[in-house]
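Starting off with a structure, shown below.
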Amino acid sequence: MAILDLKDVTGGYSRKPVLHEVSFNIQKGELVGLIGLNGAGKSTTIKHIIGLMNPQGGAIEINGVTFDEDAEKYRKSFSYIPETPILYEELTLREHLELTAMAYGIPQDVFEARSAALLKEFRMEKRLKWYPSHFSKGMRQKVMIMCAFLAEPALYIIDEPFVGLDPLGIRSLLAQLTQRTENGASVLMSTHVLSTAEKHCDRIILLHEGSVRAHGTMDDLRKAFGRPEASLDDLYIAMTEEADYEQLT
Ligand SMILES: Nc1ncnc2c1ncn2[C@@H]1O[C@H](COP(=O)(O)OP(=O)(O)OP(=O)(O)O)[C@@H](O)[C@H]1O
């Protein structure tokens with residue numbers, strides 16, 4: 001059974017859909033990249049998956065359950081790292097972590113062990129008593145990442161994680177993702193950093209104007225585009241040029 005399964009998802013902010021019958025799935029242990037131009041519909045897809053928006057058509061299942069069938073079970077099956085960190089200005093870093101542990105019902109001893117490891121990995125041990133107003137952009141993002149990783153759910157949903165992080169932060173994030181997928185967790189990650197996506201993703205979904213244009217492993221995509229040597233960068237550009245050409249004809 002797929003951990004995440006989207007079937008013909010149509011949806012948007014008004015009657016006019018932004019997503020057109022989007023279908024893909026993610027299996028256990030897979031890291032899948034969601035790639036597309038600005039405005040292609042990546043964040044909108046993610047908002048539907050996390051239950052923030054309701055599909056106008058089609059269905060989304062996480063671990064075999066839709067949001068409407070069992071919202072609590074659905075929510076506890078994933079962690080979400082948003083593109084723009086959302087923090088509580090009146091809570092310290094430690095309190096953010098504690099609140100997350102409470103929300104996911106993580107026992108105190110497990111919480112202590114997991115948070116200590118994450119604080120070390122993301123070099124934030126000395127910031128436990130800090131409030132978000134004192135954090136840099138990258139530090140704010142690290143708080144969100146650490147909170148998401150505390151829970152150890154079946155699925156991580158990550159919206160453009162690389163932009164605000166320094167190279168050590170990126171390395172730590174990728175190390176955590178690798179370790180977690182090796183342990184059977186699944187990841188959906190949207191990003192514009194195509195070289196990283198190409199190197200680390202098991203499969204790629206190319207989204208264009210709200211539709212899935214192509215999906216599969218790098219080899220599948222190279223075959224689909226008839227470009228055996230192409231990088232993801234090349235394929236991405238080919239996809240947009242092809243789409244522009246279709247619009248002209
Ligand atoms: N809150 C909103 N209200 C109305 N339309 C929106 C809203 N957010 C996004 N859209 C529209 O939905 C479409 C898809 O946007 P979305 O944010 O999903 O793209 P994206 O692929 O995540 O882009 P980016 O790479 O720029 O983050 C765009 O046409 C955008 O204008």
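Bear in mind that the values in this text are calculations on the coordinates, not laboratory data. Quantities reported herein were computed from a predicted structural model and do not represent experimental measurements. Glycine gets a Cβ as well: all are built from the backbone with ideal geometry, and neighbour counts include every protein chain shown.
What's the long-distance tail for the stretch 1-139, i.e. % of Cα pairs beyond 24 Å?
Within the stretch 1-139, distances greater than 24 Å cover 45 percent of Cα pairs.
If the only charges are +1 at each Lys and Arg Cβ and -1 at each Asp and Glu Cβ, what is the size of the charge dipole of the stretch 66-200 around the Cα centre, to the nearest 20 debye?
That gives a dipole near 580 debye.
Considering all projection directions equally, how large on average is the shadow of the alpha-carbon convex hull of the chain, in square nanometres?
Average of the hull's projected areas for the chain equals 14.3 nm².
Using only the alpha carbons of the stretch 120-170, determine the length spanned along each of the three principal axes and report them from longest to shortest in whole angstroms.
31, 22, 19
Which one of ALA214, LEU34, THR191 is farthest out on the positive end of the charge dipole of the chain, using unit charges on Cβ (Lys, Arg +1; Asp, Glu -1) and the Cα centre as origin?
Farthest towards the positive pole: THR191.
Additional query: Quick check: pseudo-label points 7 Å beyond the Cα along Cα→Cβ at ALA117 and LYS16, how many nm apart are they?
Computed distance between label sites ALA117 and LYS16 equals 4.9 nm.
Whole angstrom only: what separates the Cα centroid of the stretch 99-160 from the Cα centroid of the stretch 166-235?
Using only Cα atoms to place each centre, the spacing works out to 24 Å.
Still on this model: Go ahead and run the numbers for FRET between VAL163 and GLN108, Cβ-Cβ distance against an R0 of 35 Å, rounding to 0.05.
FRET efficiency, VAL163 to GLN108: 0.55.
Specify the angular offset, from 0 to 90 degrees and rounded to the nearest 10, of the alpha carbon long axis of helix 93-103 from the longest principal axis of the alpha carbons in the chain.
Tilt relative to the chain: about 70 degrees.
Where both residues lie in the chain, what percent of DSSP beta bridges are antiparallel, nearest 5?
50 percent
Given the -39500 (n - 2.57) contribution per DSSP H run of 4+ residues, what per-residue ellipticity at 222 nm results for the chain, rounded to the nearest 500 deg cm²/dmol?
Value at 222 nm, helices only: -12500 deg cm²/dmol.
How large is the charge dipole for the chain, taken about the Cα centre, if only the Cβ atoms of Lys, Arg (+1) and Asp, Glu (-1) carry charge, to the nearest 20 debye?
Magnitude of the dipole: close to 680 debye.
Now for a separate question. Full-extension gain between GLU125 and GLU90, please, as 0.36 nm times their residue separation minus the C-alpha to C-alpha distance.
Result: 10.7 nm gained on full extension.
Okay, next question. On a 18 Å Cα-Cα criterion, which of the cross-link pairs LYS76/LYS137; LYS16/LYS47; LYS42/LYS73; LYS7/LYS47; LYS42/LYS223; LYS120/LYS142 come out too long?
Table pairs above 18 Å Cα-Cα are LYS76/LYS137; LYS42/LYS73; LYS42/LYS223.
Sticking with this structure for a sec: Please give the Cα centre distance for the stretch 37-94 versus the stretch 12-29, rounded to the nearest Å.
After rounding, the separation between the Cα centres reads 12 Å.
OK, next. For a quick check: with amide H placed at 1.01 Å from N, whose amide H comes under 5 Å from ALA214's, ignoring anything fewer than 5 positions away on the same chain?
LEU206
While we're looking at this one, here's another question. Working out 0.36 nm times the residue gap between MET1 and LYS199, then minus their Cα-Cα distance, what length gain in nm do you get to one decimal?
Full extension from MET1 to LYS199 adds 68.7 nm.
Taking a point 7 angstrom from the Cα of SER136 along the C-beta vector, which residues in the stretch 191-220 have backbone N less than 17 Å away?
What the label zone holds, given the 17 Å backbone N cut-off, is no residue at all.
Another question, if that's okay. Looking at the stretch 134-249, what % of its DSSP beta bridges pair antiparallel, to the nearest 5?
That works out to approximately 50 percent antiparallel.
To continue, here is another question. Distances longer than 18 Å among the Cα atoms of the stretch 104-237: what percent of all pairs is that?
Value for the stretch 104-237: 60 percent of Cα pairs lie more than 18 Å apart.
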